[in-house]
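Chemist: Handing you a structure now.
Computed from the coordinates by the stated procedures, all read-outs in this text should not be read as laboratory data. If you're wondering where the values come from, they're calculated on a predicted model, not measured in any experiment. Positions of Cβ are generated from backbone atoms using ideal geometry, with glycine treated the same way; all protein chains shown enter the neighbour counts.
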There are 2 protein chains.
Amino acid sequence: MEMLSCDLDRESETPLYEQLYTYIKTEIMEARIPYQTKLPSKRKLSEFLNISQNTIETAYEQLVAEGYVEGIPRKGYFVLAYEDLEYVQPTNRTSGQLDQSVQRIRYNFHPSWIDTENFPFATWRKYTKNIIDHENHSLLLMGDRQGEFTLREEIANYLYQARGVHCSPDEVIVGAGIEILLQQLILLLGDNVAYGVEDPGYHVISRILQHYPNEVWPLAVDERGVEVDTLDGAAINVVYVTPSHHFPYGSVLSANRRIKLLNWAAERDDRYIIEDDYDSEFRYSGKSIPSLQSMDQRRKVIYLGTFSKSLIPSIRISYMVLPKRLLEQYKEKLSFFQSTVSRIDQHIVAQFMKEGDFEKHLNRMRKVYRRKMEKTLGLLKLYKEKLEVVSDLSGFHVVLEIKNGMSEGELLDKAQEAQIKIYPLSTYIMEKKYESSPRIVLGFAGIPERELEEAIKLLLQSWEIL
Amino acid sequence: MEMLSCDLDRESETPLYEQLYTYIKTEIMEARIPYQTKLPSKRKLSEFLNISQNTIETAYEQLVAEGYVEGIPRKGYFVLAYEDLEYVQPTNRTSGQLDQSVQRIRYNFHPSWIDTENFPFATWRKYTKNIIDHENHSLLLMGDRQGEFTLREEIANYLYQARGVHCSPDEVIVGAGIEILLQQLILLLGDNVAYGVEDPGYHVISRILQHYPNEVWPLAVDERGVEVDTLDGAAINVVYVTPSHHFPYGSVLSANRRIKLLNWAAERDDRYIIEDDYDSEFRYSGKSIPSLQSMDQRRKVIYLGTFSKSLIPSIRISYMVLPKRLLEQYKEKLSFFQSTVSRIDQHIVAQFMKEGDFEKHLNRMRKVYRRKMEKTLGLLKLYKEKLEVVSDLSGFHVVLEIKNGMSEGELLDKAQEAQIKIYPLSTYIMEKKYESSPRIVLGFAGIPERELEEAIKLLLQSWEIL
């Protein structure tokens, strides 16, 4: 694109960069500037419109931030091929309209995406309306630092019934995401603690830890969960594990290893186990796996849970259960931290749980995800020569080992060409090893049920498997 | 109280501790166990009810957490005199009913409390209803890591108009409270940075910093703000200041000192100023104080703001504006952090701002607080011999120096006897100095307008000033 003829009003209260930004945005939205167009260079546009390059840069950067445009170093600004927008969403989306007009990833197999088709909006609105009321005006002030008691009470009841977790509401701490709670834990446990983390594993944990003085050691994982034996002789005090459903492999920590791990922790006062029970609600075959915390007689397990899977990720509510001894230290050392979750939202979730809607929602979603998993596995198993599927019939994703001769990069590129976003296992690995075939963590939960077959077929076609 | 005759059902699905807890709670609520009663000892009750001491402890601790009972070491558990419940609120409060029945602090002069009588509940409900809709089902998934673009856009516009802050939405990061954003800043700036913080000042800042390896130095404050000269020769790289309205003194950083501070920061690449502009919206006389960020030509100011005062504290939304250089580092080093604020709430606030309701709300509240401040000052000035009032006609509190001969402890005790909660200046001081008369930070904002006169009179009576 050679030039943009934009009428700028220099007398207006609206800054020039904003006028330019709004103009370009509208042009893109209304498809007058097509996808992949290169915008004029800052220098040329600056001469043409007689405004500073800074103003143009600000407008362009805003478009970048909003996800309409991407800046490629030494090449310029291009109207974006929307495949790269993992999370960024366009603005003003309350009508939902914009979504459809600009969404250029057709299918996103992100392992942390959930089903958004079956959320009980009406029920949620009802509770919201009840809570946001002048009668509750004291809810506008700060609440309990650990979280609202009524929510902690519901969480404690739920954890006892669903996961066998022993705790009183006083031991529950509510926070705006696992990352927030983990940072509080790191401060609580102090600088002298060395961490062991699963590798592969939930990569955000090691990324957070690298900003603290603590040592971090990777722990290997196999089909029976984390290899607990590697702890012998290692200078590790605290391990972070996903025993009910390893992320991303899906393996369950064996009974033998569980006991070994609990015994290891019991040996020394400064040892603890962080159990991240992120998606244990969703097991589609056999009995649910008991939590490690429920087997722990010595109060050595710090239990982490979240509403990101069981409700919605964007509400940002997670919780941890601290052993009594750590709880006392928490109250002494960290009690100045305010709660990080809106008090109104906490009461909405508490009511949703108290009235039985949470249980109903879980039962319903378990069926939805089970059908999605069965459909996924059923389709993939037809192509055994070219791919191997690893799944333990639980959770939101399966792991694929692809044996069609393509490299990981090729698999990603081919999928992208088909407007499909996928995530390689290598993202979740700290210590890279040689692997014969590339592996993909395929999250099926976010794809609408009626489109799942189509999505998987398109993916397999892009890989020349189907 | 000698004993509790509680019928426990050992066959019930409800755990014993919960039955006991519910029983005692109900007895307290219905005033069958009066205020200040000592509960039976765990040992005795355990024998009497034939259940374990652990079960009783769990029930008692739950009552403590909920705020019905307090545990005094070596004395036992007592039905609580509610004065101590600064934040803890009783459970199940959606009806608002419980509040009135158990609230035993009559008036709370907490400096961070706001007016809850004038919140636009109906408008808020309207936007909430618009956002929570199946059309917006993509809002259930994770959003932009820095915060929703539409909210950052509104914040950037608002900051430019109200505070002269220069920023694009891309430079704004939304977080669940100043503490969360400050922790991200500490990680971003790294271990080798030494901090200077105002003393007295917002005490939470130094309490957070003490958990990190960084050095922290107190900076003295006088009636022209923080004493900038003390930075000469000090090994400090980053200063935390409240230039528009020092907390808690209320002083405004003088123009001279502002320029000195900005020059100090410009001298070295690793120097930055954190400007906490926590309540600058509320100035009741003269022009609003320009933000330090608006005077900064060298991109040395990190600007912090919050909706805790301008909207409500319990929604937990704050924001920071990073200088470009730090923003790049943030994106590189900390981009794995998910947003810590509910995406739905972000859109509600954004709509509230976009439609002009935020501005309306601010204008309305400025008048309410102005009247509250005038009433407070008018009353207090009648007793000049016994107390001195320091106020710059802005914000949510005044500082009182009390000259009636009572010590700080006596002032607090006397107020407590009158069911009034007050906060001494000493809470906000790092390095204690000798002071001739005790000082109180008196937050008037949370007291309903029609009760303010009564509340202040009761307080002065308790101090034998009136």
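Chemist: Could you tell me the calculated FRET efficiency between residue B:408 and residue A:3, based on Cβ-Cβ distance and R0 = 51 angstrom, to the nearest 0.05?
Modeler: That pair, residue B:408 with residue A:3, gives E of 0.15.
Chemist: List the relative contact order of chain A as a percent without decimals, with contacts defined as Cα pairs under 8 Å and 6+ residues apart.
Modeler: Reported as a whole number, the value is 18 percent.
Chemist: Evaluate the charge dipole of segment A:200-332 about its Cα centre and quote only its size in Debye, nearest 20, assuming +1 on the Cβ of each Lys and Arg and -1 on the Cβ of each Asp and Glu.
Modeler: So the dipole magnitude of segment A:200-332 works out to roughly 360 debye.
Chemist: Can I ask one more? Rounded to the nearest 20 Debye, what is the dipole magnitude of segment A:359-466 about its Cα centre when Lys and Arg each give +1 and Asp and Glu each give -1 at the C-beta?
Modeler: 580
Chemist: Would you mind telling me the antiparallel percentage of the DSSP bridges in the protein assembly as shown, rounded to 5?
Modeler: 60
Chemist: Once both labels are modelled 7 Å past Cα along the beta-carbon direction, what's the residue B:328-residue B:294 spacing in nm?
Modeler: Going by the 7 Å Cα→Cβ label model, 2.9 nm.
Chemist: Here's something else I'd like to know. Give the nm distances, rounded to one decimal, from residue B:106 to the matching residue in every other copy, measuring between label points 7 Å along Cα toward the beta carbon; shortest first.
Modeler: 7.2
Chemist: State the antiparallel share, in %, of DSSP beta bridges confined to segment B:251-354, rounding to the nearest 5.
Modeler: Roughly 50 percent of the beta bridges in segment B:251-354 run antiparallel, per DSSP.
Chemist: Find the percent of Cα-Cα distances in segment B:302-425 that exceed 20 Å, and round it to a whole number.
Modeler: Within segment B:302-425, distances greater than 20 Å cover 65 percent of Cα pairs.
Chemist: Residues of segment B:292-317 with backbone nitrogen within less than 15 Å of a virtual label 7 Å along the Cα-to-Cβ line of residue B:259, please, listed as ranges.
Modeler: The answer is B:295-297.
Chemist: What whole-number volume per residue, in cubic angstrom, does the convex hull of the C-alpha atoms of chain A give?
Modeler: Roughly 186 Å³ of hull volume per residue.
Chemist: I'd like the distance between the alpha-carbon centres of segment B:199-226 and segment A:214-240, rounded to an integer number of Å.
Modeler: Between the Cα centre of segment B:199-226 and that of segment A:214-240, the gap is 39 Å.
Chemist: Still on this model: Please name whichever of B:369, B:255, B:110 sits farthest to the positive end of the charge dipole of chain B, dipole taken about the Cα centre and charges placed at Cβ: Lys and Arg +1, Asp and Glu -1.
Modeler: About the Cα centre, the residue reaching furthest to the positive side is B:255.
Chemist: On the rotation axis linking copies B and A, which residue of B comes nearest by its Cβ, and by how many whole Å?
Modeler: In chain B, the Cβ lying nearest the symmetry axis toward A is B:176, 2.
Chemist: What gaps in nm, shortest first, separate residue B:377 from its twins in the other copies when you place the label 7 Å past Cα toward the beta carbon?
Modeler: Nearest to farthest, the other copies are at 7.2 nm.
Chemist: Answer with one residue from A:28, A:396, A:406: the one whose Cα lies farthest towards the positive end of the charge dipole of chain A, charges on Cβ with Lys, Arg +1 and Asp, Glu -1.
Modeler: Working it through, the farthest residue towards the positive pole turns out to be A:396.
Chemist: May I ask you to list the trypsin sites (Lys or Arg not before Pro) in segment A:384-441 that are in a DSSP loop and have at most 10 other Cβ atoms within 10 Å of their Cβ?
Modeler: A:384, A:432, A:433
Chemist: Roughly what percent of Cα-Cα pairs across segment A:1-42 reach past 15 Å?
Modeler: 45
Chemist: Next question, about the same structure. When N is the residue count of segment A:141-280, what does its C-alpha Rg come to as a fraction of 2.2 N^0.38 Å?
Modeler: Scaled against compact globular proteins, the figure is 1.08.
Chemist: Okay, moving on. Can you tell me which aspartates and glutamates have their Cα less than 14 Å from the Cα of residue B:126? Leave out same-chain residues fewer than eight positions away.
Modeler: List returned: A:133, B:345, B:355, B:357.
Chemist: Residue B:227 label points, 7 Å along Cα→Cβ, one per copy: pairwise distances from this copy to the rest in nm, shortest first?
Modeler: 6.1
Chemist: Next up: Rounded, prolate or oblate: pick one for the protein assembly as shown, where a ≥ b ≥ c are the square roots of the eigenvalues of its C-alpha gyration tensor, a/c under 1.5 means rounded, and failing that, prolate if a/b is larger than b/c, else oblate.
Modeler: It is oblate, given that a/c is not under 1.5 and a/b is not larger than b/c.
Chemist: If a/c stays under 1.5 just call it rounded; otherwise compare a/b with b/c (prolate if a/b is bigger, oblate if not). Do that for segment B:220-373, with a ≥ b ≥ c from the square roots of the Cα gyration tensor eigenvalues.
Modeler: Since a/c reaches 1.5 but b/c is at least a/b, the shape of segment B:220-373 is classed as oblate.
Chemist: Of B:127, B:415, B:348, which is farthest towards the positive pole of the protein assembly as shown's charge dipole, taken about the Cα centre with +1 and -1 on the beta-carbons of Lys, Arg and Asp, Glu respectively?
Modeler: B:127
Chemist: Separation of segment A:26-52 and segment A:123-187 by C-alpha centroid, Å?
Modeler: 48
Chemist: Please enumerate, by chain and number, the lysines with C-alpha under 20 Å from the C-alpha of residue B:381, excluding those fewer than 8 residues away in the same chain.
Modeler: Partners found: B:372, B:403, B:457.
Chemist: Under 1.5 on a/c is rounded, so check that first for segment B:210-299, then, if it is not, pick prolate when a/b is larger than b/c and oblate when it is not; a ≥ b ≥ c are the square roots of the alpha carbon gyration tensor eigenvalues.
Modeler: Note, shape of segment B:210-299 comes out prolate.
Chemist: Compute, for chain A, the length of the dipole vector about the Cα centre, with Cβ point charges of +1 (Lys, Arg) and -1 (Asp, Glu) only. Units Debye, rounded to 20.
Modeler: Taking the Cα centre of chain A as origin, the dipole is about 980 debye.
Chemist: Next question. Taking every DSSP beta bridge with both residues inside segment A:132-290, roughly what % is antiparallel (nearest 5)?
Modeler: Just about 15 percent of them are antiparallel.
Chemist: Hey, rough spin-label estimate for residue B:285 and residue A:367, points 7 angstrom out along Cα→Cβ, what's it come to in nanometres?
Modeler: The modelled label-to-label distance comes out at 6.8 nm.
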